[in-house]
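Structure first, commentary second.
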Amino acid sequence: MKKLFLNLIAMITLATVAHAKLNVVATTPDLAAIAREIGGDKIELTTLAKPTEDPHFVDAKPSFIVKLNRADVLIEGGAELEIGWLPALLDQSRNEKLAAGAAGHVLCSQGIQLLEVPSTLDRSKGDIHAAGNPHYMVDPANANIVAQHIADALCQQDAKSCDAYRANLKKFTDALDAKLVEWQKTLEPFRGREVVAYHNSWLYFGNRFGLKIDLFLEPKPGIPPTPAHLAEVIKRMKADKVRVVIVDPYLNRKTAETVARNTDAMVVDVTQFPGGVKGTEGGYIQMMDYLVDSLAKAMGGKKQHGE
Amino acid sequence: MKLKFIIGLSSALCLSAMTVQAQKTNDVEQLRRQFQQLQESFEKTVKQQQQQIETQQQQISALTEKLDALTKSQPAPKTDDQKKLEAQLAAELGQKGATNSEMAASAAALQQPWSPAQPLTIARAGSSYMNISFDVLMDVGGSTEADPSKQLELGDHDPSNNGFSLRNAEIAVDGAVDPYFKGYGNIVYKLDQNNETGVELEEAYLMTTSLPDNLQVKAGQFFAAFGRQNAQHPHQWAFVDQPIILNRTLGPDGLRNVGAQLSWLVPTPFYTEALLGVFNGQGGTAFSFRNEGEPVDGIPRVHGRETIDRTLRGPGDMLFVPRITSSFELTDEQTLVVGASAAFGPNDTGSDKRTEIYGLDLYWKWKPAKANAGFPFVSWQTEANYQNFQAAANLTNAPASFTSLPAETLDDWGFYSQVLWGFKERWVAGLRGEYANGNAGAYNPDDIYRNERTRISPALTFFTSEFSKIRLQGNYDHGKLFGDQYSIWLQVEFMLGAHGAHKF
């Protein structure tokens with residue numbers, strides 16, 4: 001029995017040693033998608049949150065402790081996005097490489113200009129993030145900064161593949177820059193248009209592409225829609241002729257459909273995470289393609305319809 | 001000569017006339033030029049003024065647009081049928097306005113692209129060195145038993161009175177001590193039946209973060225890692241009261257003591273953790289161990305035996321709590337955690353008497369891939385404990401009724417099983433069933449702590465937000481000693497400040 005146990009341990013240890021690839025854990029699938037672009041097949045990549053689930057409420061499953069324990073690099077979104085579950089996992093992970101401030105712990109929010117940083121902390125305003133709005137990845141300019149962070153961290157942990165990481169970074173950011181011009185061109189005709197969102201997670205996207213996404217089905221961040229609030233939203237949508245309601249996969253689509261029915265608007269399925277909606281599995285750029293195209297289509301279609 | 005003169009004169013005249021002519025022409029020229037200049041400057045002025053007017057008009061129209069937009073963004077006067085909504089919405093709209101202006105300000109900030117030369121706006125989270133929170137649980141309700149704390153609600157944080165009780169107001173702190181340790185503290189205040197405040201240092205410990213070989217050490221006063229619920233604070237519980245079998249084996253306050261614990265993350269492909277806690281095992285928070293007990297007839301007793309002050313003579317007199325736990329991802333949406341725990345240590349009924357407790361625990365949770373704010377979910381939690389308590393024969397100073405107590409083994413066993421269903425965002429329905437029993441001891445066959453009991457508890461919890469909740473729970477209690485009893489409790493919780501993330 002004891003011998004069997006020792007053999008088992010030896011096998012596991014051997015398997016771990018034989019595994020020379022850099023072991024990278026990303027908290028959310030958007031960060032993972034960018035890590036994949038930079039790391040390519042030189043990294044072993046694990047994602048903790050599912051693309052379809054609310055990134056604020058991920059269960060701190062014990063299996064994640066194991067994944068973090070064996071990681072060389074942790075990529076975290078930061079700005080309190082993962083505050084409800086990641087700290088408890090890190091406490092138990094016993095991995096010095098991922099300690100706060102360690103080179104293996106990439107805090108992607110660093111260098112990002114966070115918006116809506118509250119001047120006072122007051123929970124009567126709902127569950128507001130003290131660090132600012134953490135849903136910054138849907139602005140490609142921020143994805144660019146995150147890609148640099150990831151490339152820096154991978155280079156530091158795996159110097160011999162650094163050239164490859166740098167080349168991948170250039171390839172990705174070049175593609176992203178070219179795409180950004182294209183995306184802006186696609187959405188340019190809709191500059192200033194208003195779009196209704198379920199939760200306040202589309203501010204950075206709106207700012208980048210000149211869309212006003214400041215009306216929400218939630219009365220306050222984290223507080224589910226109430227009939228009274230929805231009535232007001234419907235009224236404002238009618239007054240402002242808002243024609244598009246966007247819904248993330250984990251939010252209640254039925255509520256959005258009800259609002260859309262009452263306003264002659266259209267529900268558009270959106271996601272901030274590659275794989276969250278069908279047709280976004282291919283990575284960050286494909287996801288942004290999907291978002292830009294489906295919004296342009298929804299707004300364009302409605303415009304013709306209205307005229 | 002005359003002719004010459006005439007010619008001369010005439011030519012002179014002519015010349016002078018020509019000069020005059022020339023002079024006149026020059027004046028006109030000059031006048032014209034001046035006029036032209038005047039005209040030009042006039043036109044220029046007019047043009048400039050026109051431009052100014054245009055600019056002003058543009059500004060006015062821009063301002064008008066802004067005003068329009070502002071008017072639009074503000075709630076327009078409502079129709080009669082919306083008057084009712086208006087009152088409800090007033091607070092929300094006030095809020096919304098503030099959010100909009102905040103957003104406009106930040107949108108303006110975004111106009112300037114970020115460059116590495118500019119100062120960074122870094123996450124402000126972690127701007128203080130620790131989380132600090134204040135959490136209050138209060139209960140109101142009643143029971144068919146006059147004093148529920150006598151037989152029904154025996155846990156230290158359970159509702160103790162008919163009417164109101166406040167049995168858990170907790171200050172919790174946690175944070176990184178330095179690169180090597182994390183520190184935790186929990187100070188609990190509770191009001192007793194005389195409304196006197198009791199204070200306990202529930203937990204105060206440090207935990208290592210950077211030991212090699214997947215090891216981790218905890219040291220200080222903390223909850224022993226026995227089973228699942230023992231280490232949770234009452235605000236994490238799914239019901240207002242402590243399960244009966246945990247109350248009987250681990251004690252009304254849970255099993256917590258001053259000591260240290262070593263844990264090892266076993267290198268299996270799935271999560272496995274092996275833990276060993278070593279504690280002094282003394283006092284009421286080591287209920288079944290070196291606990292001097294409550295005074296009966298003026299003498300501190302446990303199970304009728306007068307307790308002795310059994311000092312710690314060596315490592316063998318310490319309380320040992322080993323545990324092993326594993327977790328499996330059954331599917332992408334289902335997680336299972338199983339564990340086995342034990343606790344071994346001396347008890348105070350005699351100089352060589354010991355107690356052993358064994359426990360099994362199971363937790364299963366289903367949460368769909370598209371969960372919003374953690375809902376919906378279904379979870380199932382069960383713990384079963386068995387306790388073997390060696391009681392000594394009664395010692396000196398015994399009143400007549402206690403003199404004949406023999407040395408004997410007291411066995412206790414029982415379980416609880418609870419299902420929670422988060423059927424809708426913010427709503428959780430729960431059902432708990434419990435059973436506990438013990439063999440008949442020579443002392444007091446009617447011991448409420450050891451007699452057969454069953455309890456069924458349905459509960460409905462509404463999480464108003466992540467920081468407050470309201471829970472309604474009914475209890476049907478059945479016991480050999482008290483027959484059928486019914487209770488209903490309403491519990492309210494609120495939390496201020498920043499509270500560290502919870503384990504799964």
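Taking only protein heavy atoms and a 1.4 Å probe, the accessible area of region A:20-180 is 51% carbon and sulfur.
Step through the table entries B:365/B:503; A:212/A:254; A:212/A:238, compare each Cα-Cα distance with 21 Å, and write down the pairs that go over it.
Numbers: B:365/B:503 14 Å; A:212/A:254 23 Å; A:212/A:238 15 Å.
In this structure, A:212/A:254 exceed 21 Å between Cα atoms.
Dipole of region A:20-180 computed with +1 at Lys/Arg Cβ and -1 at Asp/Glu Cβ about the Cα centre; of A:86, A:103, A:43, farthest Cα towards the positive end is A:43. Ranked by the mean number of other Cβ atoms within 10 Å of their residues, highest first, the peptides B:299-306, B:429-436 fall in the order B:299-306, B:429-436.
For region A:126-203, trypsin sites (Lys or Arg not before Pro) are listed when DSSP marks them as loop and at most 14 other Cβ atoms sit within 10 Å of their Cβ; the list is A:191. Take the Cα radius of gyration of chain A and divide it by 2.2 N^0.38 Å, N being the number of residues; the result is 1.10.
Interface size, chains A and B: roughly 6100 Å² of accessible area buried, both sides included, 1.4 Å probe, rounded to the nearest 100.
Between their Cα atoms, which of A:67/A:97; A:97/A:170; B:190/B:424; A:179/B:370; B:353/B:480; A:61/A:278 are more than 21 Å away from each other? Pairs exceeding 21 Å: A:97/A:170; B:190/B:424; A:179/B:370; B:353/B:480; A:61/A:278. Note every residue of region A:60-97 with a reduction of at least 30 square angstrom in accessible area, all protein chains present versus the isolated chain, computed with a 1.4 Å probe, or write none. Residues losing area: A:60, A:61, A:62, A:63, A:66, A:69, A:70, A:88, A:91, A:92, A:94, A:96.
Normalised by the number of residues in region A:148-285, the average gap of Cα pairs under 8 Å and 6 or more apart makes the relative contact order 16 percent. Taking a Cβ cut-off of under 15 Å around residue B:329, the surrounding Lys, Arg, Asp and Glu residues balance to a net charge of +1, with basic ones at +1 and acidic ones at -1.
Over region B:329-471, with a single point scatterer placed on each C-alpha, what log10 of the ratio I(q)/I(0) does the Debye formula yield at q = 0.10, 0.12, 0.21 1/Å? Summing over Cα pairs of region B:329-471 leads to -0.54, -0.69, -1.25.
Applied to region B:455-462, the Karplus parametrisation 6.51 cos²θ - 1.76 cosθ + 1.60 on θ = phi - 60° returns per-residue 3J(HN,Hα) values of 8, 10, 9, x, 8, 10, 10, 10 Hz, with x for Gly and Pro.
Ellipsoid fit via the Cα gyration tensor, region A:20-180: semi-axes of 25, 21, 13 Å, each the root of five times an eigenvalue, largest first. Quick one: net charge around residue B:305, please, counting Lys, Arg +1 and Asp, Glu -1 for every other residue with C-beta under 13 Å from its C-beta. Charge balance near residue B:305 sits at -4. Both numbers refer to the Cα atoms of region B:263-336; Rg and Dmax are 19.3, 59 Å. Surface composition of region B:119-235: carbon and sulfur atoms hold 61% of the protein heavy-atom accessible area at a 1.4 Å probe.
Shown here: region A:189-306, whose C-alpha atoms stretch 40, 33, 23 Å along the first, second and third principal axes, sorted largest to smallest. Residues of region B:477-504 buried by at least 10 Å² of accessible area upon assembly of all protein chains, compared with the chain on its own (1.4 Å probe): B:497, B:501, B:502, B:503, B:504.
Sorted into 5 angstrom bins from 0, the C-alpha pair distances of region A:34-111 split as 3, 15, 25, 29, 20, 8, 0 percent. 3J(HN,Hα) along region A:89-106, derived from phi through the Karplus expression 6.51 cos²θ - 1.76 cosθ + 1.60 where θ = phi - 60°, amounts to 5, 5, 4, 9, 6, 6, 10, 4, 4, 9, 4, 4, x, 6, 4, x, 10, 8 Hz, with x in place of Gly and Pro. Under a straight-distance cross-link criterion of Cα-Cα below 12 Å, which aspartates and glutamates are reachable from residue A:21, leaving out those fewer than 8 residues away in the same chain? Output for residue A:21: A:41, A:44, A:72, A:158. In this label model, residue B:195 and residue A:171 are separated by 7.4 nm, measuring between points 7 Å along each Cα→Cβ vector.
Set the Cα radius of gyration of region B:132-497 against 2.2 N^0.38 Å, with N its number of residues, and you get 1.00.
The values are calculated or read from the model by the stated rules, or taken from the named source; none is laboratory data. Quantities reported herein were computed from a predicted structural model and do not represent experimental measurements. Cβ coordinates were reconstructed from backbone atoms using ideal geometry, including for glycine residues, and neighbour counts include every protein chain displayed. Just the protein is used for accessible areas: all its heavy atoms, side chains included, with ligands, DNA and RNA removed. Shrake-Rupley method; radii C 1.70, N 1.55, O 1.52, S 1.80 Å.
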